[in-house]
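S.K.: After the structure tokens below, expect a handful of questions from me.
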Amino acid sequence: MRSENSYFYGIDRLTVLIYLLLVVMGWLNVYAAVYDEKHAVIFDISQKYGKQLIWILGAFILAIIILIIDAGFFTSFAYPIYALLLIANILVVFIGKEIKGSRSWFRVGDIGVQPAEFIKFAIGLALAKFLSNQVLHDAKSVKGILKSFWVQRNTWFAMLFFVVPLLAIKILQNETGLALVLTAFIIVLYREGLNVNYILFGFFIIVIFIFSLSYSPIIITLSLIGLFLFFLLFIQRNFKNLTRWVLALGFSIMLVFGSNEMYNRLLPHQRTRMDVLLGRGSVNLKKEGYNVNQAKIAIGSGGLLGKGYLQGTQTKYHFVPEQETDFIFCTVGEEWGFLGSIIVIALHFTLIIRIITLAERQRSDYSRIYGYAVASILFFHVTVNIGMALGLLPVIGIPLPFFSYGGSSIWAFTVLLFIFIKLDASRLLILR
Amino acid sequence: MSRNAYLIGRKFYIISFFLLIAVVYTLRLAYIQLWDDSYDLAAKNNALRRMVEYPFRGYIIDRNGKPIVQNEPSFDLMVTPKEIQNCDTLALCKLLEITKTEFLKRIKKAIQAPNSPIKPSTFEKQMSFTNYARISESLFKFKGFYFQKRSLRKYFKPVAAHVLGYVGEVSKEKALADPYYKEGDYIGISGIERSYEAELRGKKGIQYLVTDVHNKIIGPYRNGTWDTLAVPGNNLYASLDIDLQEYGEQLLRGKTGAIVAIEPETGEILALISSPNYDPNSLIGGKQRNQTFARLNKDSTLPLLNRALQGAYPPGSTFKLLGALIAQHDGLINRTTVFPCRGGYPPLNGKPKCHAHGVVNLPGSVAQSCNSYYAYVFKTIVDQNRFKSVYDGYNHWRDMVMSFGPGHHLGTDLPYDKPGNVPKAEYYDKIFGKGAWRPNTVVSLGIGQAELLLVPLQMANIISIIANKGYYFTPHVIKGIGTKHAIDKKFKTQHWAAVTDTNYYNMVIDGMQQCFENGTAAAEKISGIIACGKTGTAENPHGKDHSVFVGFAPRHHPKIVLACIVENAGWGGTWAAPIVSLMMERYLTGKVVRLDKEKRIMETAIKVPVKSIRKKRSA
């Protein structure tokens, strides 16, 4: 029997096991992606897999440190940690080095750290701290727009926790992918009582936006009018709140005509990424469509069982760009085939759902909310990263958790996950 | 927790949403990895480069083991435009002896579709070994250029061009239709090279090399487990006697015509000569190939035409041999049968004409080549009482004739042979009106004139049948393929003509022997050899008659059958007969003692009026 005082008492073994499996599989794939017969030695620090091995060892040390620290530390210092990282994310713009048009790296010698990766867990902590003391009021019974806005002030304030860093990362650092990740916290708010209509409304806007880019605005406007009439006549069957419905319709139609304007405001490379995904205009597979096409070729050529470890021709010979970071899933798809790919997907989703299950068993709201934050962030990364490799989502450069090459990424995910493991292990000690 | 216990149900929505994404991704993966295999193909094209190793084409060896055709290495200069770096264009142009404009033109061609800047394409084809040696010394300075080894044909003697044929680049249509060939590959275009292409070409070796995204070669794919080695083509053992072939070409030098020599007991072609001819080495490749070909193609004497297979001539008097055989077979004549002559065919007032030679029996009619005799023979065959009409009689004659080969393709192993022509009865209906013609109307068929046309190979084949007394083997020029020396069964099958009785043949052969002893070819007697032959003079509407001679030797156990035609040379005895006789002597004794005759023939040129060739081109 282990002592209750042991630092490792009560940690969820399944979570740790999946974590270790993902890290090991991730490293094997980084090795395969960078593999070159001339440099086959594992401990070659000049090679990316050699460096990744050091990052992984560092991550294990971080995990152990987190398990040693008292869980109360994270609750008590949630706001200071958040503040520290927010400042770091702003400071990086001034003292960081510019790499590929974005200023998001602190560099000391050869080693670089990306604060945007680390702010995720800090937001989780701060959001948990804030929400565990608040109730997200619903404005259903309140009349008047201003009044209902005031009633929901907690919700807006909670949103600031991630909207502020989101803007900092997007506008100041110019890291669109890492900024977009932060929208995943909406899922946390939803669990804690955010009116579902806001989420449906968000979806509605995205759907209209995408359709507006693909079809003629007149057709979409007509179908929207038809849809509203259908809803009023056959589902609601009366004309209550008619003004509200007309306003909603008017807003939707404005959105339809505004979509192309918004699209044109996107940066050129973002526009082409949308074009590639939606098949708009003529996509040149050798230029803008290259990444996605090569990614699909690499994965598609894997077949059921894959070409075998280190046998992939597409990823090994650099047909797929960014194959050890954002497109690491291509290596999995090509060398391990369909079977390997669904195992990787299954492991990720098992981990995410395991975290939700653990979150729901917490006695403290704080731990539960942080758990949801971890699950949401992992979910967003996995969904977007694999989705773009499969050609289902536009190319957004974010890493696959525990897989992609990169020290900041693997350390940030380890910290994010292990704080939750520690909170969970101490669930009986933490009061609500 | 109780303050928002109602929210607990939301976890199910969240989990469901997550699982939905997982399911969608799994389905998408199944689609691109298991269902849609276009990605697999795209991956192979991406990363694998097929390097072709060209096999050596099979050799051709003559009946005595002498090599006729072998290979010689040649080098194609290849270029991958994308790989060119810091190229000293001027130095390279100097090295290759081309101008800068030409250089740029070729680079442009290599970049444009269907070529690609990242794939190698030919910069200069078929460079000689000396040029290769000179250039390759400094080629390392020019990145992006390299040599690819190919092989070209090498002919030991400048003879037999028509039989051997030539090799050239495969046509676009063929390359599309046959997966073995890619554009730029070589293929046999005529002669043996064409008909035995499948045996000669061997099998290309393919090496799969892995390339990276810059098309740089990384190494063999899967350690070369998929690679195949090039398999050289099969050697062919030709029935040709290359010395006899050369001798025949010398005899026909300066003249237009053809000689066919066959070994009757096997059907093996010993020599197949068409004149004028060309040096096969002039068509093997390189820069001069296209020029040579264009020149030969335009030449008014048609040197590219293989007259032995494609030149259709009236057989003239040599055709009388068939008349004699058919009439005997039908029981209409025998050794003692005589017909009136009087310097011509009496029923038609002395036409066709004949020369005064007195009364002749059957062998004598052959030896003296009596026109009147064979006009009667033809009429007698067609007019037999057993036939109800002239059609039945004519068709009977036609069937009998065709059983000896005329009128259809013999099925030899050389491409492009012509069937000749034995006119159908309907043809004469058209000319004279239905039922308005009689045997006498078309009696010149009996002496091998009128619309009757045979190619020299068919003439020789008829003599094979006579020498064999009734049967022949389809003439062929290849007697063994590869190490097993096997050939198609159809060349080992006896074909019987409609006349099978040995006695009938002996009667005709007696006449053919007399022909050499005291007949129309008496001047061509070969000492020590009993030869048999028949002269012919083919009337030619376009000019002087063609000189024709057919024959075989020795009479007992014949070893060689010959047919020779010399265009516009006049009477058969003057040119064709001595040529055949010299060929026989040369083949059977290995040397020629009648050097004066040989010299006279080799040194005489006979001009052919251009008009008569025009006619042939369109025929």
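The values are calculated or read from the model by the stated rules, or taken from the named source; none is laboratory data. For clarity, every value in this text was computed on a predicted model and none was experimentally measured. In this analysis, Cβ positions are derived from the backbone assuming ideal geometry, glycine residues included, and neighbour counts consider all displayed protein chains. To get the accessible areas, we keep the full protein, side chains included, count just its heavy atoms, and leave off ligands, DNA and RNA. Shrake-Rupley method; radii C 1.70, N 1.55, O 1.52, S 1.80 Å.
S.K.: Run B:Leu309 past the list (1) farther than 22 Å from B:Val442 by Cβ; (2) part of a loop (DSSP other than H, G, I, E, B) and report the number of the one that doesn't hold.
M.R.: Tallying (1) farther than 22 Å from B:Val442 by Cβ; (2) part of a loop (DSSP other than H, G, I, E, B), B:Leu309 fails exactly one: (2).
S.K.: Conditions first: (1) under 32 Å from the mean Cα position of the chain (by Cα); (2) surrounded by fewer than 19 Cβ atoms within 10 Å (Cβ to Cβ). B:Phe140 passes all but one, so which condition is the exception?
M.R.: Of everything listed in (1) under 32 Å from the mean Cα position of the chain (by Cα); (2) surrounded by fewer than 19 Cβ atoms within 10 Å (Cβ to Cβ), B:Phe140 misses just condition (1).
S.K.: So, one more: Quick check on B:Ile560: is it among the hydrophobic types (A, V, I, L, M, F, W, C), open to solvent by less than 30 Å² (accessible area, probe 1.4 Å), at pLDDT 90 or above and farther than 14 Å from B:Pro456 by Cα?
M.R.: Criteria met by B:Ile560.
S.K.: Check B:His476, B:His485 and return the single one that is at pLDDT 90 or above and either under 32 Å from the mean Cα position of the chain (by Cα) or open to solvent by 30 Å² or more (accessible area, probe 1.4 Å) (or both).
M.R.: Of B:His476, B:His485, the one residue that is at pLDDT 90 or above and either under 32 Å from the mean Cα position of the chain (by Cα) or open to solvent by 30 Å² or more (accessible area, probe 1.4 Å) (or both) is B:His476.
S.K.: Looking at segment B:101-113, can you tell me whether even one residue there is closer than 28 Å to B:Glu72 by Cβ, in contact with a Gly (Cβ under 8 Å, 6 or more places away or on another chain) and either among the polar types (S, T, N, Q) or outside any loop (DSSP other than H, G, I, E, B) (or both)?
M.R.: no
S.K.: Continuing with this model, one more query. Could you please find all residues in segment A:176-207 being surrounded by 14 or more Cβ atoms within 10 Å (Cβ to Cβ) and under 18 Å from A:Arg271 (Cβ atoms)?
M.R.: Correct list: A:Thr176, A:Gly177, A:Ala179, A:Leu180.
S.K.: If you don't mind, another one. Suppose the filter is among the hydrophobic types (A, V, I, L, M, F, W, C), within 21 Å of B:Ala569 (Cβ to Cβ) and open to solvent by 10 Å² or more (accessible area, probe 1.4 Å); does B:Ala312 pass it?
M.R.: yes
S.K.: Here are B:Asp227, B:Asp241: which of them is of a type in the set (D, E, K, R) and either free of Cβ contacts under 8 Å to residues at least 24 places away in the same chain or farther than 21 Å from B:Lys157 by Cβ (or both)?
M.R.: Values: B:Asp241 fails: either free of Cβ contacts under 8 Å to residues at least 24 places away in the same chain or farther than 21 Å from B:Lys157 by Cβ (or both).
After ruling out the rest, the residue left standing is B:Asp227.
S.K.: I need the full set of residues from segment B:504-518 which are closer than 24 Å to B:Arg398 by Cα and touching a helix residue (DSSP H, G or I) at 6+ places or on another chain (Cβ under 8 Å), in order please.
M.R.: The first filter runs over segment B:504-518 and keeps only residues closer than 24 Å to B:Arg398 by Cα, leaving B:504-509, B:511-512.
B:Tyr504, B:Tyr505, B:Met507, B:Val508, B:Ile509, B:Gly511, B:Met512 - these are the residues of segment B:504-518 that are closer than 24 Å to B:Arg398 by Cα and touching a helix residue (DSSP H, G or I) at 6+ places or on another chain (Cβ under 8 Å).
S.K.: If you go through segment B:516-552, how many residues are out of contact with any strand residue (DSSP E or B) (no Cβ under 6 Å at 6 or more places or on another chain) and of a type in the set (A, V, I, L, M, F, W, C)?
M.R.: Going through segment B:516-552 one residue at a time, the tally reaches 4.
Each row is one residue, and each column tells you yes or no for (1) over 18 Å from B:Ala522 (Cα atoms); (2) in a loop (DSSP other than H, G, I, E, B); (3) modelled with pLDDT of 90 or more.
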| position | (1), (2), (3) |
| --- | --- |
| B:Arg555 | no, yes, yes |
| B:Trp571 | no, yes, no |
| B:Ser581 | no, no, yes |
| B:Val608 | yes, yes, no |
| B:Ile613 | yes, no, no |
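S.K.: Which residues, counting only those in segment A:107-136, are within 16 Å of the chain's Cα centre (by Cα), among the hydrophobic types (A, V, I, L, M, F, W, C) and open to solvent by less than 10 Å² (accessible area, probe 1.4 Å)?
M.R.: Taking segment A:107-136 first, the residues within 16 Å of the chain's Cα centre (by Cα) are A:114-124.
Next, only the ones that are among the hydrophobic types (A, V, I, L, M, F, W, C) stay: A:116, A:118-119, A:121-123.
Listed by number, the residues that qualify are A:Ala116, A:Ile119, A:Ala122, A:Ile123.
S.K.: Would you pick out the residues in segment A:386-432 that are in contact with a helix residue (DSSP H, G or I) (Cβ under 6 Å, 6 or more places away or on another chain), more than 17 Å from A:Ala375 (Cα to Cα) and either part of a helix (DSSP H, G or I) or among the aromatic types (Phe, Trp, Tyr) (or both)?
M.R.: Correct list: A:Ala389, A:Tyr405, A:Gly407, A:Ser408.
S.K.: Suppose the filter is under 15 Å from B:Ile284 (Cα atoms) and either touching a residue at least 24 places away in the same chain (Cβ under 8 Å) or in a strand (DSSP E or B) (or both); does B:Lys119 pass it?
M.R.: Against the criterion (under 15 Å from B:Ile284 (Cα atoms) and either touching a residue at least 24 places away in the same chain (Cβ under 8 Å) or in a strand (DSSP E or B) (or both)), B:Lys119 does not qualify.
S.K.: I'd like the full set of residues that are open to solvent by 10 Å² or more (accessible area, probe 1.4 Å), outside any helix (DSSP H, G or I) and facing another protein chain (nearest Cβ under 10 Å), limited to segment A:320-352.
M.R.: Correct list: A:Pro321 only.
S.K.: Can you pull out the residues in segment B:535-557 that are over 14 Å from B:Met584 (Cα atoms) and crowded, with 24+ Cβ neighbours inside 10 Å?
M.R.: Matches in segment B:535-557: B:Thr535, B:Gly536, B:Thr537, B:Ala538, B:His546, B:Ser547, B:Val548.
S.K.: When you scan segment A:150-162, do you find a residue that is over 21 Å from A:Ile419 (Cβ atoms) and either part of a loop (DSSP other than H, G, I, E, B) or open to solvent by less than 10 Å² (accessible area, probe 1.4 Å) (or both), even just one?
M.R.: Looking for residues that are over 21 Å from A:Ile419 (Cβ atoms) and either part of a loop (DSSP other than H, G, I, E, B) or open to solvent by less than 10 Å² (accessible area, probe 1.4 Å) (or both), one finds at least one in segment A:150-162, hence yes.
S.K.: Having 1 or more residues that are aliphatic (A, V, I, L, M), over 30 Å from B:Lys353 (Cα atoms) and not assigned by TED's automatic domain parsing to the domain that holds B:Glu197 is the bar; report the strands (runs of 3 or more DSSP E) wholly within segment B:416-518 that clear it.
M.R.: B:478-481
S.K.: Hey, which of the strands (runs of 3 or more DSSP E) in segment B:208-274, taking only ones fully inside, have at least 2 residues that are open to solvent by less than 10 Å² (accessible area, probe 1.4 Å), farther than 25 Å from B:Leu152 by Cβ and at pLDDT 90 or above?
M.R.: B:257-263
S.K.: Which one is farthest from B:Gln514 (Cα to Cα), of the residues in segment B:527-545 that are touching a His at 6+ places or on another chain (Cβ under 8 Å) and hydrophobic (A, V, I, L, M, F, W, C)?
M.R.: Filtering segment B:527-545 for residues that are touching a His at 6+ places or on another chain (Cβ under 8 Å) and hydrophobic (A, V, I, L, M, F, W, C), the one farthest from B:Gln514 (Cα to Cα) comes out as B:Ala538.
S.K.: Does segment A:354-376 contain any residue that is over 16 Å from A:Asp12 (Cβ atoms), surrounded by fewer than 20 Cβ atoms within 10 Å (Cβ to Cβ) and more than 11 Å from every other protein chain (Cβ to nearest Cβ)?
M.R.: Among the residues of segment A:354-376, not one is over 16 Å from A:Asp12 (Cβ atoms), surrounded by fewer than 20 Cβ atoms within 10 Å (Cβ to Cβ) and more than 11 Å from every other protein chain (Cβ to nearest Cβ), which makes the answer no.
S.K.: Sort out which residues of segment B:541-592 are in contact with a Cys (Cβ under 6 Å, 6 or more places away or on another chain) and closer than 16 Å to B:Gln250 by Cβ, and write them in order of number.
M.R.: B:Ala576, B:Ile579, B:Val580
S.K.: Also: When segment B:494-512 is examined, which residues are found to be open to solvent by less than 60 Å² (accessible area, probe 1.4 Å), in contact with a strand residue (DSSP E or B) (Cβ under 7 Å, 6 or more places away or on another chain) and free of Cβ contacts under 8 Å to residues at least 60 places away in the same chain?
M.R.: Selection gives B:Ile509 alone.
S.K.: Filter segment A:64-103 down to the residues that are surrounded by 13 or more Cβ atoms within 10 Å (Cβ to Cβ), in a helix (DSSP H, G or I) and among the polar types (S, T, N, Q) and list them by number.
M.R.: Once the filter is applied, which keeps residues that are surrounded by 13 or more Cβ atoms within 10 Å (Cβ to Cβ), in a helix (DSSP H, G or I) and among the polar types (S, T, N, Q), segment A:64-103 yields A:Thr75, A:Asn89.
S.K.: Ok, one more. Select from segment B:532-550 the residues that are of a type in the set (Lys, Arg) and over 16 Å from B:Lys320 (Cβ atoms) and list them in ascending order.
M.R.: Passing the criteria: only B:Lys544.
S.K.: Just to be sure before I move on: is A:Asn238 in contact with a strand residue (DSSP E or B) (Cβ under 8 Å, 6 or more places away or on another chain), more than 14 Å from chain B (Cβ to nearest Cβ) and part of a loop (DSSP other than H, G, I, E, B) in the structure I sent?
M.R.: No: the conditions fail for A:Asn238.
S.K.: Here's a follow-up. Scan segment B:373-384 and tell me whether some residue there is outside any helix (DSSP H, G or I) and under 35 Å from the mean Cα position of the chain (by Cα).
M.R.: There is no residue in segment B:373-384 that is outside any helix (DSSP H, G or I) and under 35 Å from the mean Cα position of the chain (by Cα).
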